[in-house]
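Here is the structure we will look at.
The values are calculated or read from the model by the stated rules, or taken from the named source; none is laboratory data. Only a predicted model underlies this, so the values are computations on that prediction, with no experimental measurement involved. Methodologically, a virtual Cβ is constructed for each residue, glycine included, from the backbone with ideal geometry; neighbour enumeration extends over all protein chains shown.
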Amino acid sequence: MSRDSGESRLIIRGGGRLSGKIVVSGAKNSALKLMAASLLAPGVSVLHNVPDIQDVQTMRELLEHLGAVVDFADATMTVDTAAVQSHVAPYELVQRMRASIQIMGPLVARFGRARVAMPGGCNLGPRKIDIHLRGLAGMGGEIRSGHGFVEVKADKLRGIDMFLEYPSVGATENLLMAAVLAEGTTTLENAAREPEIVDLCKFLVSMGADIEGAGTSTVRITGVRELHPAEHTVLGDRIEAGTFLIAGAVTGGDVEVVGISPHVLDLFLFKLRAMGVHVQENTRSIRAVGDPAAFTAVDIATLPYPGFPTDLQAQMMVPLSLASGVSLVTENVFEKRFGFVDELVRLGAEIRVDGNHAVIIGGRTLTGAIVRCPDLRAGAALALAGLAAEGFTELRDVLHVDRGYERFEEKLQMLGAEAERTGAEPLSCASD
Ligand code: EPZ
């Protein structure tokens, strides 16, 4: 995984309390799929509350590469897919963002063909697509791979009954988008249940799709002859919300995140409370008040939704390093999501990793240092550690954070953080 020149740096002065309100942006992990889903219908779809982040920019480049016309201003994006004529997702775009693979389902469903560069591995481990391909093959897709590409062809996809061997988010989304225009009915058992999947299903239904069971483990899709463009507002980003709630807690602060329904973070909030953070849930906002001196150790095991979200695992290691006692974090979703622990140890954490388990010895005092962001969520976690540390922390390769957090340091500054950005090279490395 290549890195940028390390010139993109965020300098954080730790020790200050964060307090105040921030409005969360639209969810990265919904917006990218909604953009892909717009390929299913000719014409202009409109998406509101789209976050202005690197991955959205990359997906925009991909849609334009396929022939779509995209306009994006003030969080509203229009995607005109009338002129889409290509079905190829090139290596340089897929390598930059693994979610490029999500155009496969829509392209095969509408055009009968998709040719996508294989997503490479990344910092989180091998990112297989076997479940995606097994489903598309079962629906009648002819799969061929070679020269680093995978190609799927089908005159007309047919509905299937499929049991996903793992509730993969991406596979559920790709197969949903393939099934909406297939002949007959598709039943996906053991489907992923993430809130972003529900958001995608809402958009697809507004396009004319026939979907039952969105957000449950069994989703039934009855294929329709065609879909029409639609308008949709992206739901709030639960991972961004959780990240900023932890920022407040680890600085002994009081932070409210607005534009999020607490129910999408149920287990995360349960764990925050178990650790000793005071959490107030409102209809469209969540408030957290923390005092690290009062934190106690809790164990975390990441699981598919509604389990503890893997995308908040790294961030949680910061309060657990401050809490009194020993915590056990088990990463069950990705094979290599502890890659950043060595950077956290440089800031004073004491963490022992063995396979997919990390033992965190708490009661630590963090001290500022130079650290490098290996990926998006780890980068955010290191920023949280810098906020809690004594002295200055310099985050390098911080453009990773820009892939998934809109105006990251600006929002931190709004909460009172001393955080300044220096330099910025275009990110040239692989995806989540
Ligand atoms: C989505 O990735 C998110 N990305 C990830 O967020 C998130 O961590 C993940 O879901 C789990 O919630 C986007 O939505 C763009 P998976 P995805 O398919 O779809 C294995 C972030 O930081 N698997 O549920 O790739 C796979 O290897 C990113 O925002 C197969 O074995 O997640 C992995 O171990 C990081 N075969 C596990 O399932 C397959 O065909 C989870 O993958 C597909 C997946």
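In this structure, is T310 within 14 Å of the ligand (Cβ to nearest atom), surrounded by fewer than 22 Cβ atoms within 10 Å (Cβ to Cβ) and among the β-branched types (V, I, T)?
yes
Determine whether G259 is touching a residue at least 24 places away in the same chain (Cβ under 8 Å), touching a strand residue (DSSP E or B) at 6+ places or on another chain (Cβ under 9 Å) and within 19 Å of F308 (Cβ to Cβ).
no
Could you tell me which numbered condition V219 fails, if it satisfies all but one of (1) within 16 Å of the ligand (Cβ to nearest atom); (2) assigned to a strand (DSSP E or B); (3) free of Cβ contacts under 8 Å to residues at least 24 places away in the same chain?
(3)
Taking the options S45, S86, name whichever one is at pLDDT below 95, within 26 Å of L157 (Cα to Cα) and touching a His at 6+ places or on another chain (Cβ under 8 Å).
S86
When you scan segment 72-89, how many residues do you find that are more than 15 Å from A31 (Cβ to Cβ) and in contact with a strand residue (DSSP E or B) (Cβ under 6 Å, 6 or more places away or on another chain)?
4
Which numbered condition trips up R193, out of (1) modelled with pLDDT under 95; (2) touching a Gly at 6+ places or on another chain (Cβ under 8 Å)?
Unmet condition: (1).
Pairs, please: C-beta under 7 Å, at least 6 apart or cross-chain, first residue more than 16 Å from L32 (Cβ to Cβ) and in segment 158-180, second aromatic (F, W, Y) and near the ligand (Cβ under 9 Å from one of its atoms)?
none
Would you be able to say whether some residue in segment 55-67 is at positive phi and over 21 Å from the mean Cα position of the chain (by Cα)?
Yes, there is a match, as at least one residue in segment 55-67 is at positive phi and over 21 Å from the mean Cα position of the chain (by Cα).
One line per residue, one yes/no per condition, for (1) more than 15 Å from the chain's Cα centre (by Cα); (2) touching a residue at least 40 places away in the same chain (Cβ under 8 Å); (3) outside the structural domain of E410 (by TED's automatic domain parsing):
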{"residue": "L312", "(1), (2), (3)": "no, yes, no"}
{"residue": "V318", "(1), (2), (3)": "yes, yes, no"}
{"residue": "S327", "(1), (2), (3)": "yes, no, no"}
{"residue": "V341", "(1), (2), (3)": "yes, no, no"}
{"residue": "L347", "(1), (2), (3)": "yes, yes, no"}
{"residue": "R364", "(1), (2), (3)": "yes, yes, no"}
{"residue": "T367", "(1), (2), (3)": "yes, no, no"}
{"residue": "D375", "(1), (2), (3)": "no, yes, no"}
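Residue-by-condition table, conditions (1) surrounded by 16 or more Cβ atoms within 10 Å (Cβ to Cβ); (2) within 16 Å of the ligand (Cβ to nearest atom):
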residue: S285; (1), (2): yes, no
residue: M317; (1), (2): yes, yes
residue: K336; (1), (2): no, yes
residue: F340; (1), (2): yes, yes
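Of the residues T76, T81, T172, only one is under 20 Å from the mean Cα position of the chain (by Cα), buried (at least 18 other Cβ atoms within 10 Å of the Cβ) and modelled with pLDDT of 95 or more; which?
That would be T172, the only listed residue that is under 20 Å from the mean Cα position of the chain (by Cα), buried (at least 18 other Cβ atoms within 10 Å of the Cβ) and modelled with pLDDT of 95 or more.
Among the residues of segment 222-247, count how many are of a type in the set (A, V, I, L, M, F, W, C), assigned to a loop (DSSP other than H, G, I, E, B) and out of contact with any Ser or Thr (no Cβ under 7 Å at 6 or more places or on another chain).
2
Inspect all residues belonging to segment 335-343 and state whether any of them is at positive phi and at pLDDT 95 or above.
Among the residues of segment 335-343, not one is at positive phi and at pLDDT 95 or above, which makes the answer no.
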